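See structure below.
The values are calculated or read from the model by the stated rules, or taken from the named source; none is laboratory data. Given the structure is predicted, the values throughout are model-derived calculations rather than measurements. Heads up, the Cβs are rebuilt from the backbone with ideal geometry, glycines too, and the neighbour counts pull from every protein chain shown. These accessible areas exclude ligands, DNA and RNA; they are computed on the full protein's heavy atoms, side chains included. Shrake-Rupley method; radii C 1.70, N 1.55, O 1.52, S 1.80 Å.
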Amino acid sequence: MRRIRAFEDAAEIASQGGVAAWGLSASAKPALVRGPLHLSTGQEAVAAGVCINLQREDLLTSTHRGHGHTLAKGANAAKMMCELFGRATGYNKGKGGSMHIADFSVGMLGANGVVAAGIPIATGAAQALKIRKLPHLVACFFGDGAANRGPFLEGLNWAQVYQLPVLFVCEDNRISATTPTGPMTAGAGVSARAEAMAMPAIKVDGNDAAAVDSAASRLIAEIRAGLGPRLLHAVTYRFKGHVSVDPGTYRDAAEVEAAKLNDPLLITQRQWLTAGATQADIDAVDREAQAEIAHALEVAEAAPWPEASAAYDDIMNSGAGVWR
Ligand SMILES: Cc1ncc(C[n+]2csc(CCOP(=O)(O)OP(=O)(O)O)c2C)c(N)n1
């Protein structure tokens, strides 16, 4: 969770053109990350609480807000930062950016800029696991807004009919871009929709990493036992705007400040202290996370840009001809 928070904070600063945080003059440099970022600040407990239960060979599909899932699945922070910085050493050779990061070597099948598109991809990947008789599963993250799109129904139905090894994780930050999700959602919510297909579901406080961990652990054990797909509904809160350039004026500032009292990092910190950890233990975790991300920033800033001659590498010719 600390690694995710540190990564998101650093990426946010870099996208604003401010590099002062790591000792350089902010005004002297343009933004190191061009274009908007969807930050998962405040939602770290969902990624951490689910992914702690995954093995390297398990698979994961993510969303447009995917940095946390990607880090938690074991991807390399420096290579991610290089991609955000548009450098040749990034996950997509600097040509994809935040919403296209994937790392198949750790089972991370990809972020996805199309809302709900990860759901059928996860379902297909789970079908492949089942056909190949592999003992792994797919964790499929999606937002509350995605549950109102067609692929949600199609994906869950298919997974349930074929009893596929998928954990559907609705990371419910209660807002879809600029619109509160509640008033535009019919019925009793995402768990009820899963249960209507006879798919067991659990709803948890998505800011409490221990609660997410324990619910995910139970559901994942059932999936691994061959009992079919499950859904986890984790209710959390997005601390930042929809994207890094969004001041979020459609939300009451008091609501955001109140939500920060339930910062998942604070909740976990309190639990650790109660369980006997010391502040020094927590500070050590913090320092390690900060050092890893500081290193990622250094690597990314020093990394080479892609060559102009590589502009058309890795581009698929769909046969559609040239746009005029
Ligand atoms: C199919 C599709 N429709 C619309 C958009 C524009 N869009 C991007 S993010 C977003 C909101 C998604 O809300 P949610 O699924 O709850 O995820 P969150 O942004 O809250 O993490 C929308 C409408 C899109 N990317 N894809």
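General remarks:
- Every pair of residues 6+ apart whose Cβ atoms lie under 6 Å, when the first sits in region 249-261 and is within 16 Å of residue 41 (Cβ to Cβ) while the second is open to solvent by less than 90 Å² (accessible area, probe 1.4 Å): 259/237
- The residue of region 147-163 that is nearest to the ligand (Cβ to nearest atom), among those that are in contact (Cβ under 8 Å) with a residue 60 or more places away in the chain and surrounded by fewer than 24 Cβ atoms within 10 Å (Cβ to Cβ), is 160.
- Inter-residue pairs, beta-carbon under 9 Å, first within 12 Å of residue 63 (Cβ to Cβ) and in region 114-143, second open to solvent by 40 Å² or more (accessible area, probe 1.4 Å) and of a type in the set (Asp, Glu), 6+ apart: 119/154
- Any hit, region 224-240, residues being part of a helix (DSSP H, G or I), within 29 Å of residue 124 (Cα to Cα) and touching an Asp or Glu at 6+ places or on another chain (Cβ under 9 Å): no
Yes/no matrix, rows are residues, columns are (1) on the phi > 0 side of the Ramachandran plot; (2) exposed (fewer than 14 other Cβ atoms within 10 Å of the Cβ):
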position	(1), (2)
255	no, yes
266	no, yes
270	no, yes
276	yes, yes
280	no, yes
285	no, no
290	no, no
295	no, yes
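- When residue 235 is tested against (1) under 30 Å from residue 14 (Cα atoms); (2) open to solvent by less than 20 Å² (accessible area, probe 1.4 Å), exactly one condition is not met: (2).
- Residues of region 164-221 that are in a strand (DSSP E or B) and either touching a Lys or Arg at 6+ places or on another chain (Cβ under 7 Å) or more than 24 Å from residue 241 (Cβ to Cβ) (or both): 166, 167, 168, 175, 180, 201, 202, 203, 204.
- For region 37-71, the set of residues classified as in a helix (DSSP H, G or I), under 22 Å from residue 13 (Cβ atoms) and within 15 Å of the ligand (Cβ to nearest atom) consists of 44, 47, 67, 68, 69, 70, listed by residue number.
- Residue check for residue 128: crowded, with 22+ Cβ neighbours inside 10 Å, modelled with pLDDT of 95 or more, more than 30 Å from residue 310 (Cβ to Cβ) and not hydroxyl-bearing (Ser, Thr, Tyr): no
- Single match in 230, 218, 251, 193 (criterion: open to solvent by 70 Å² or more (accessible area, probe 1.4 Å) and either away from the ligand (no atom under 13 Å from the Cβ) or among the basic types (Lys, Arg) (or both)): 218
- Residue 176 fulfils the conditions (1) of a type in the set (Ser, Thr, Tyr); (2) in contact with a strand residue (DSSP E or B) (Cβ under 8 Å, 6 or more places away or on another chain); (3) away from the ligand (no atom under 11 Å from the Cβ) except for a single criterion, (3).
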